[in-house]
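**Student:** I'd like to ask you about the structure that follows.
The values are calculated or read from the model by the stated rules, or taken from the named source; none is laboratory data. Because the structure is predicted, anything quoted here is derived from the model rather than measured. Cβ atoms come from the backbone with ideal geometry, glycine included; neighbour counts cover every protein chain shown. The protein model used for the area step is the full one, side chains on, heavy atoms only, and it has no ligands, DNA or RNA in it. Shrake-Rupley method; radii C 1.70, N 1.55, O 1.52, S 1.80 Å.
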Amino acid sequence: MKTFSRNEPVTIVCYGDSNTKYYLGDLQQDGPEEDSYPGRLRKLFECSGFEKVRVLNCGFPDTQTDFALANFQQQVVENRADVCIFGFGTNCIRQPEADLEDYLDDMARLFSLCKQRDIQPMSLMIPWYSADYCGTEGQQRLPGWNSALCELCLPRQIPVLDTFSTFAAVPDLFFNEVATPKRHYSTAATQMIAEMAFAMLAPYIR
């Protein structure tokens, strides 16, 4: 991990899909920004006295890694990111024609773009979702895709936050849908993600 000075501005861009934005699946609308994991991460830094840390929520519902690449300059570079936490994959893996190699290639390109611009990348795992969202076959891809994502990140020394295992074990707690298939984080999940990201990043801002 890169280190940063606590006395200098540090910008953390949370770049992902609807689970970064914080989306209420049953209502088909964005939830409150303060309930998103970027919003909660921002609050943790503020309450811990990190006055110069800025956390941006660059979450875009229903997007895939092709969107992430096409909009990297605008969402990450032009926001002067020092750290970028990626949260893409759900809308790739759920497609009938889902291709793991294409996903990994896109993620590798995103990580390379960060390296070229001296931005510290991090990644969330692809979250669990119920089988009635895109079928049992789609759900069964999740462990393999997440394992491959971790293998991609390991030699590059890119931290990965496990947003799959714990949440998959207790879906009623960690996903917000009641009337429709479970696929979007609950506030319990966004709080836990914020705490994981804070624990990872805070020691390197000193």
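**Student:** Name, by its number, the condition in (1) part of a helix (DSSP H, G or I); (2) open to solvent by 10 Å² or more (accessible area, probe 1.4 Å) that does not hold for PRO38.
**Tutor:** PRO38 satisfies every listed condition except (2).
**Student:** Further, regarding this structure: For region 90-119, give me each residue that is in contact with a strand residue (DSSP E or B) (Cβ under 8 Å, 6 or more places away or on another chain) and in a loop (DSSP other than H, G, I, E, B).
**Tutor:** Within region 90-119, ILE119 is the sole residue that qualifies.
**Student:** Further question on the same structure: Looking at (1) part of a helix (DSSP H, G or I); (2) of a type in the set (D, E, K, R); (3) surrounded by fewer than 15 Cβ atoms within 10 Å (Cβ to Cβ); (4) touching a helix residue (DSSP H, G or I) at 6+ places or on another chain (Cβ under 9 Å), which is the one condition that is false for GLU46?
**Tutor:** Just one mismatch for GLU46, condition (4).
**Student:** Something else: Tally up the residues in region 132-142 that are open to solvent by 30 Å² or more (accessible area, probe 1.4 Å), part of a helix (DSSP H, G or I) and in contact (Cβ under 8 Å) with a residue 40 or more places away in the chain, please.
**Tutor:** Summing the residues that are open to solvent by 30 Å² or more (accessible area, probe 1.4 Å), part of a helix (DSSP H, G or I) and in contact (Cβ under 8 Å) with a residue 40 or more places away in the chain in region 132-142 gives 3.
**Student:** Here are the criteria: (1) open to solvent by 40 Å² or more (accessible area, probe 1.4 Å); (2) closer than 27 Å to GLN28 by Cβ; (3) in a helix (DSSP H, G or I); (4) not β-branched (Val, Ile, Thr). Tell me which single one ASP62 does not satisfy.
**Tutor:** ASP62 satisfies every listed condition except (3).
**Student:** Right, next: Take PRO9 and decide whether it is over 15 Å from the mean Cα position of the chain (by Cα) and either of a type outside the set (Gly, Ala, Ser) or farther than 18 Å from CYS114 by Cβ (or both). Talk me through it step by step, then tell me what you get.
**Tutor:** On the way: over 15 Å from the mean Cα position of the chain (by Cα): yes; either of a type outside the set (Gly, Ala, Ser) or farther than 18 Å from CYS114 by Cβ (or both): yes.
Considered against the rule, which asks whether it is over 15 Å from the mean Cα position of the chain (by Cα) and either of a type outside the set (Gly, Ala, Ser) or farther than 18 Å from CYS114 by Cβ (or both), PRO9 comes out as yes.
**Student:** Is it true that some residue in region 191-201 is free of Cβ contacts under 8 Å to residues at least 40 places away in the same chain and charged (D, E, K, R)?
**Tutor:** no
**Student:** Still on this model: Taking region 170-191 only, how many residues are assigned to a helix (DSSP H, G or I) and surrounded by fewer than 20 Cβ atoms within 10 Å (Cβ to Cβ)?
**Tutor:** Of the residues in region 170-191, 6 are assigned to a helix (DSSP H, G or I) and surrounded by fewer than 20 Cβ atoms within 10 Å (Cβ to Cβ).
**Student:** Further question: Going through MET122, MET196 one at a time, which residue ends up being touching a strand residue (DSSP E or B) at 6+ places or on another chain (Cβ under 6 Å), modelled with pLDDT of 95 or more and crowded, with 21+ Cβ neighbours inside 10 Å? It would help to see each step written out before you state the result.
**Tutor:** Working: MET196 fails: crowded, with 21+ Cβ neighbours inside 10 Å.
The unique qualifying residue is MET122.
**Student:** If you don't mind, another one. Six or more apart or on different chains, Cβ atoms under 6 Å: show the pairs whose first residue is in region 67-84 and in contact (Cβ under 8 Å) with a residue 12 or more places away in the chain and over 11 Å from LEU110 (Cα atoms) and whose second is open to solvent by less than 50 Å² (accessible area, probe 1.4 Å) and of a type in the set (Val, Ile, Thr).
**Tutor:** Filtered contacts from region 67-84: ASN79/VAL13; ARG80/THR11; ALA81/THR11; ALA81/VAL13; ALA81/ILE119; ASP82/VAL10; ASP82/THR11; VAL83/ILE12.
**Student:** Sticking with this structure for a sec: Kindly provide the set of residues from region 143-169 that are of a type outside the set (S, T, N, Q), part of a helix (DSSP H, G or I), under 20 Å from MET192 (Cα atoms) and open to solvent by less than 60 Å² (accessible area, probe 1.4 Å), ordered by number.
**Tutor:** If the condition is that a residue be of a type outside the set (S, T, N, Q), part of a helix (DSSP H, G or I), under 20 Å from MET192 (Cα atoms) and open to solvent by less than 60 Å² (accessible area, probe 1.4 Å), then CYS150, PHE167, ALA168 are the ones that fit.
**Student:** For the condition under 23 Å from ALA70 (Cβ atoms) and under 19 Å from the mean Cα position of the chain (by Cα), what is the one hit in PRO121, PRO171? Working first, answer last.
**Tutor:** Values: PRO171 fails: under 23 Å from ALA70 (Cβ atoms).
The conditions single out PRO121.
**Student:** Which condition from (1) open to solvent by less than 40 Å² (accessible area, probe 1.4 Å); (2) among the charged types (D, E, K, R); (3) in contact with a helix residue (DSSP H, G or I) (Cβ under 7 Å, 6 or more places away or on another chain) is the one that ARG117 breaks?
**Tutor:** (1)
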